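Written out below as structure tokens is the structure these notes cover.
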Amino acid sequence: MIRLTIDDREITVPEGTMVVDAAQELGIDVPIYCYHQALGPLGACRICLVQVEKMPKLVTACTTAVQEGMVVHTRGSAVDKGRQGVLEFLLINHPLDCPVCDKGGECFLQDYTFQYGSAAGRYDEPKIHKLKDAAINEFIIIDQERCVLCQRCVRFMGEYVGEEQLLLEGRGVETVVSTVSHQPMDSQFSGNVIDLCPVGALLSIPYRYKARPWNLERAESVCPHCPVACTTSVTSREGHVIRVEGRPIPGHDWGWLCDRGRFGYDFGYVEDRLLNAWLDGEITSAAESTRTIGSWLNDTLEQHGGDSVAFLVGGQQTMEEAYQIRRFADEVVGTSKVAVSRSVKGYLPLGLNGTFEDLDRADTIVYLGQDPYDAVPVVHLKVRDRYRDNPGLKVIGIGAYDLTRSTVPGDAFVLEPGEEAAFLAYTLAKVAASNPIIARLGEELGDFSPTFKGAKSEQEVETLGRQLLESEHLVLLWDGKDPHMESVLLALRGLREDVTAVLPTFGPANWRGFERAGIAVDYDRLEAFVEEAIQGKIHLLFSIGADLLRDYPDRERAKAALAAIDRVVSVGLFFPEQRELYHAVIPGAGWSEVDGTYTNMEGRMQVAKATVQPPGQSRPVRTYLGSWAHALKKSFVLEPEWDPFDHNAGDLIAKDALPEVQSVPKPARPAMKDGALRLVGTALVMEGGMPSEILQPRIPKYPGRISLADASRLGIGEPGGELGLRGQQGMISVMVAVDERIPQGVLVLPYGVVGSPLNQLGDGAVVEAVSLEEVSLR
Amino acid sequence: MTQTFYLLRNQAVPDIDRIEVYEANQGYQALRKALKEYEPKALVEMVKASGLRGRGGAGFPTGMKWSFLPDDGRPRYLVVNSDEAEPGTFKDRELIEKNPHLLIEGMIISSYATGAREAYIYCRGEFLFGSEQLKRAVAEAYQRGYLGENILDSGFSLDIKVYRGAGAYICGEESALLESLEGKRGNPRLKPPFPAVAGLYGMPTVVNNVETICNLPPLVENGPEWYRSMGTEKSPGLKIMSVSGHVNRPGNYEIPLATPLRALIEEYAGGVKGGRQVKAVIPGGSSVPVMTKDQLDTPLDYESILAAGSMLGSGGCIVIDDQTCMVAVSARLLKFYREESCGKCTPCREGTFWMTDVLERMEAGEGTPHDLDLIRDMADNIAGKCFCPLGDAALGVVVSAMKYFPDEFEAHVTEHTCPMGARLYDTVNH
């Protein structure tokens, strides 16, 4: 530790700390443009000049490491003059167009000029002119004249994300920030440069000219789009959400967002948003719909009893709403049939759940079935951050295709689809066969042996096994597809002495929160519900924020279930798929419209404040629950509010005991005809979620991905093409493109692609390519 | 006047750039001696003992620089800085164009001494001929077994690669040079770490100027005592001075350090043209403050020139006669720095731009008395506040010219014309 004095106050900080950060700890504000803790020192802007005793010149606080006994002055005539000079230089070629700049009012050039700058300019020469208002992609414009060349954006993309898409072009006073080869930035992390830009050079196109900061309200929130639940700040004006920014939590989170989260906030205002109640395909009044549904509930309870009513909940609600639904089901309706709509069958015991801090300490990170870049983008950034700190980080991808990518290089084990759990049980048996836990795990494996796409030796399998057992801090990111993986993860935890942390990359985003609210989330519950519905045991269904057809792995079965129920009521932001299966559709309220708590993939509870009123006739779930209780002439008192936080466990949900390890069965490999493909589902944050007009240009045109060999065989060229697919349960058409990470014989398709429902054919299904005419005749 | 020739000794020999001619003139004998008679550490000690200082501009003791390399088993690199772009300096150019094998021989000795197995020559972008000469000479040296595996059966191996820059003055700054050599934008790096610890590709690296390395063969041949027999205690040895400007015989002259400035101008360079008088001299390349005619008896060594308020720098001696406008000189030189500022840090990028504009406006007769204060204040806002030395370098001439020739600057803004009748190229920028 180093002791130094800053502005006559002593502080002790770790060696290597920069003066600027030491000052910050004392609450002393040193102005900065180019410096950012995540990016490290650069020393370009020179605004952070400070005086250090016994040094002949002023020094930049961002590049000067603390030294024992150092005496720093952050103000004084020399410092103030130096900063004033830097600001004057920054402004000579700046257009001074604050009145029409979106950054005006929240701009560090304005703030520091106000604080340290001169009241009048001395510059009388002509200004350099550069590019203004030029789009660098669909979401961001650049104004090169306002740029202070701090390089935060360039360094963030190139060094931090590892996707080199911005650069400095030209030199001297003509230097500008530009895109590489003048191509639009297509990184899914592009929007962060807006937050990073300290001035008005990089601005959001959707937010452009929407407001001045003094018109705005800002509320702390979390992103609802994936299980990461990044901390955000939501900006609203006159009842409309108009912007989402990252919200850094000092010492815990940098506040990065992916473009899905940053720009996908407009689902509240898209054309399809439900604003009215519908009964049997006709718009009706809120009162009429409430009365009708109330009478349905009343009649069903009288005729068939409480257990004939079921609740299916989706992933959008807050924990408080989940709790209200459960209590309504328990206390008012008297049914135990509450299930969560899910796409994957796996479950992760809370006791195995790791946190993002585990990623910060990991020496080995394993992707199971899913590339986190696609499903939980900011987790990819966290892994990349760890890799930057620790280039020796071992990353291992285990799945039906190569899950690693160049930004975090790793080793890929490419298997037959759905064999990850069996493969790991097999691998562990190679290195620790005598262990009783491993023996239990492998009891039913029989003669299973993995088939690798791309060469992998037995030696490499053994090395993997040892890495899994011996790494010092193991983190596994699991896609939740294969329920047997749970036992593999339990076994690993049981065998290893060091930390074993698992982060579930699967949704729905708030499933842990539902669990905490008392709703069982296991897939068996959902399966039982579907079965009972098909058998006619369910007469009234409340589908709240759920869409069974979209989510459930077997679309035909989902249809059969809904069709077999007398009355199906949907509460949501949008019409569910095949709305003719629903008897009533009523408009719900969602994220940014209700206060509440969400639990992320760490098991961490985070509060999101409401910033706007629900539009049209849409109402929060609790309003409907209250009115239906009223129709039953029952009391349903929700006060006092339930507090999901357990004050002994902080914001993490308290861990519980772990279940027993079960054996992993030998996977059945389906017969493959020549030229057939295995369909592999994946979670892609851009697909299957809430609709957004802003994001339209980024929704992949070719969401399906196949190998080059299959593409050539099937006549798919650049940039991609449409493919008809037939499986046992039907046909779909898919837009596909080549991805070199996909092995031959596999077609990877995201869940929830509009028009190409994977669950029509089934995850892992054997499909064959057919002509598009055949599909359209279907 | 007697001119000593060591670095430039064979410049007049026809075809000295051919290896057989170079060999016939004692070429590669020093290398043989070094490999046969010296352990690498002994060579480093010899360079230390000679007191040789870096000839690129800063004058840092070469032997000491070499001894900073950490002994940690990582690969080491020698990088020769041949990005000679300082206005007024053209000594390295002559060395590489006329006698490239001298540099190559020096590099092999230096690499052997410092333990580098790979060496690079970073050649200025505009030196097309020079880089071709180097490439050809390197190929010849490979053919004769002076490069490659097991050089002259010594067990020492070395590869040399010639890299031509893209034409940026800033790449003469060693850390920007390394960035550029790695294929990145040529911007200076944050120091520490210094190149000796983390240089090329993060490995320990020695960066030396062409002339510095060319000192090695004569040094090995003649020994450190010989070297110390010339110059002063702190500035021993030889220096090539590039003399340009208003002299009768502009060119490169090899002098023992501490030769008086007057002797360089009058004896070596044949005196001021047209019988005119010296008004000012920029002794060490365009980045150093000017000296006046009253300081012509200053000995040309690092300490004496520093005491006289300037720097020996790269040895680019620009002689300015009494009919030259110092405002025009300042404006022209600042324009160079404005064009060559890399743009990384604010004061250099914006300050050189603004100051050039103001000086050009003054020269065009459009200045105001307020401009003089403005320039001084701007200089104060640049000085010592830039990321690398380029910003300070840009100020050398203008600040000293204003100090020594204040009347000339004032006349421009009070009479609204140039009293010397000078015309600037294109007056204003835009």
Open item on the list: Using the Cα centre of the protein assembly as shown as origin and beta-carbon charges of +1 (Lys, Arg) and -1 (Asp, Glu), tell me which of A:Val19, A:Gly465, A:Ile742 is placed farthest towards the positive end of the dipole.
Closed with: A:Val19
Task: Burial ordering of A:Leu772, B:Leu102, fewest other beta-carbon atoms within 10 Å first - done: A:Leu772, B:Leu102
- [ ] First check a/c for segment A:508-622, with a ≥ b ≥ c the square roots of the eigenvalues of its C-alpha gyration tensor; if it is under 1.5, answer rounded, and if not, answer prolate when a/b is larger than b/c or oblate otherwise.
- [x] oblate
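Within segment A:661-750, list the GluC sites (Glu not before Pro) lying in a DSSP loop whose Cβ has at most 16 other Cβ atoms in a 10 Å radius.
Sites meeting the loop and neighbour criteria: A:Glu693, A:Glu740.
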Task: Positive-end residue of A:Leu301, A:Leu279, A:Gly315, charge dipole of segment A:251-330 with Cβ unit charges - done: A:Gly315
- [ ] Taking all pairs of distinct Cα atoms, average 1/r, flip it, and tell me the Kirkwood hydrodynamic radius of segment B:248-402 in Å to one decimal place.
- [x] 16.2
TODO: Mind giving me the nanometre distance, one decimal, between the label points for A:Phe575 and B:Lys48, set 7 Å out from Cα along Cα→Cβ?
DONE: 8.6
Open item on the list: I'd like the mean, over residues of A:41-47, of how many other protein chain beta carbons sit within 10 Å of each residue's own Cβ.
Closed with: 6
Task: Ellipticity estimate at 222 nm from DSSP helix runs (n ≥ 4, -39,500 (n - 2.57)) divided over chain A, nearest 500 - done: -7000 deg cm²/dmol
Open item on the list: From the convex hull of the Cα coordinates of segment A:2-75, what is the mean projected area in square nanometres?
Closed with: 4.4
TODO: Express the C-alpha Rg of segment A:279-417 as a ratio against the empirical globular expectation 2.2 N^0.38 Å, rounded to two decimals.
DONE: 1.61
Open item on the list: Once R0 is set to 41 Å, what does the formula 1/(1 + (r/R0)^6) return for the Cβ-Cβ distance between A:Ala560 and A:Glu159, expressed as a FRET efficiency to the nearest 0.05?
Closed with: 0.20
Task: Convex hull volume per residue for segment B:171-293, taking Cα atoms only, in Å³ - done: 157
- [ ] Output the Kirkwood hydrodynamic radius of chain A, Cα pairs only, in Å rounded to one decimal.
- [x] 28.5
Task: Least to most buried among B:Ser50, A:Ser181, B:Ser341 (fewest other Cβ within 10 Å first) - done: A:Ser181, B:Ser50, B:Ser341
Open item on the list: Sequence gap at least 6, Cα distance under 8 Å: using those rules, report the relative contact order of chain A to the nearest whole percent.
Closed with: 13
Task: Calculated P(r) of segment B:238-321 - Cα pairs past 21 Å, % - done: 13
Open item on the list: Within 13 Å, Cβ to Cβ, of A:Gly762, how many net charges do the neighbouring residues add up to if Lys/Arg are +1 and Asp/Glu are -1?
Closed with: +3
- [ ] For segment A:127-202, state what percent of all Cα-Cα pairs lands in each successive 5 Å bin, counting from 0 Å until the bin that includes the largest distance.
- [x] 3, 17, 31, 30, 14, 4, 1
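In whole Å and largest first, what semi-axes does the C-alpha gyration tensor of segment A:350-504 yield when each eigenvalue is scaled by 5 and square-rooted?
Values: eigenvalues 106, 59, 41 Å².
Working from the Cα gyration tensor, I get semi-axes of 23, 17, 14 Å.
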Task: Surrounding net charge for B:Leu296, when Lys and Arg each add one and Asp and Glu each subtract one, Cβ distance under 9 Å - done: -1
Task: Residue exposure sequence - A:Tyr523, B:Tyr142, B:Tyr28 - by fewest surrounding Cβ within 10 Å - done: B:Tyr142, A:Tyr523, B:Tyr28
- [ ] State the Kirkwood hydrodynamic radius of segment B:326-414 in Å, one decimal place, computed from all pairs of distinct Cα atoms.
- [x] 12.6
Open item on the list: Tell me the Rg and the Dmax, in Å, that the Cα atoms of segment A:677-776 produce.
Closed with: 12.8, 37
Open item on the list: Along the charge dipole of chain B, pointing to its positive end and built from +1/-1 on Cβ of Lys, Arg, Asp and Glu, which listed residue (B:Leu152, B:Met378, B:Tyr22) has its Cα farthest out?
Closed with: B:Leu152
Open item on the list: How big is the dipole moment of segment A:343-422 about its Cα centre under a simple scheme where the beta carbon of each Lys and Arg is +1, that of each Asp and Glu is -1, and everything else is neutral? Debye, nearest 20, please.
Closed with: 200
- [ ] In square nanometres and to one decimal, what's the mean projected area of the convex hull around the Cα atoms of segment A:124-268?
- [x] 10.3
Task: segment B:19-228, dipole about Cα centre (Lys/Arg Cβ +1, Asp/Glu Cβ -1), debye to the nearest 20 - done: 360
TODO: Please give the average number of partner chain Cβ atoms lying within 10 Å of the Cβ of each residue in A:457-464, rounded to a whole number.
DONE: 0
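Need one number for chain B: average projected area of the convex hull over its C-alpha atoms, nm².
It is 20.0 nm².
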Task: Approximate spin-label separation A:Ala287-A:Glu773, in nm, with each point projected 7 Å along Cα-to-Cβ - done: 5.8
Task: Set of lysines with alpha-carbon distance to B:Lys91 below 26 Å, sequence-local pairs under 8 removed - done: B:Lys48, B:Lys65, B:Lys135, B:Lys161, B:Lys234, B:Lys239, B:Lys273, B:Lys279, B:Lys293, B:Lys335
TODO: Starting from the Cα of A:Ala654, move 7 Å in the Cα-to-Cβ direction to define the label point; list residues of segment A:520-547 whose amide nitrogen is under 11 Å from there.
DONE: none
Task: Length-normalised contact order for segment A:640-734 - Cα pairs under 8 Å, 6+ apart - percent - done: 13
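Run through the DSSP bridge list for chain A and note the antiparallel percent, rounded to the nearest 5.
For chain A, the DSSP antiparallel bridge percentage is about 55.
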- [ ] Would you work out if segment B:19-228 is rounded, prolate or oblate? Take a ≥ b ≥ c from the square roots of the eigenvalues of the alpha-carbon gyration tensor; rounded if a/c is under 1.5, else prolate when a/b is larger than b/c, oblate otherwise.
- [x] rounded
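Work through the residues other than A:Thr318 whose Cβ is under 12 Å from its Cβ and net out their charges, Lys, Arg +1 and Asp, Glu -1.
Spelling it out: positives minus negatives among the neighbours equals -2.
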Task: Label point distance in nm, A:His647-B:Asn248, each placed 7 Å from Cα along Cα→Cβ - done: 9.9
Open item on the list: Under a Cβ-only charge scheme (Lys and Arg +1, Asp and Glu -1), can you give me the dipole magnitude of chain A about the Cα centre, in debye to the nearest 20?
Closed with: 860
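Values quoted throughout were computed directly from the atomic coordinates according to the rules given, and no laboratory measurement underlies them. Not measured: the values here are computed from a predicted model. When we count neighbours, we look across all protein chains shown, and the Cβ atoms used for this are built from the backbone with ideal geometry, even at glycine.
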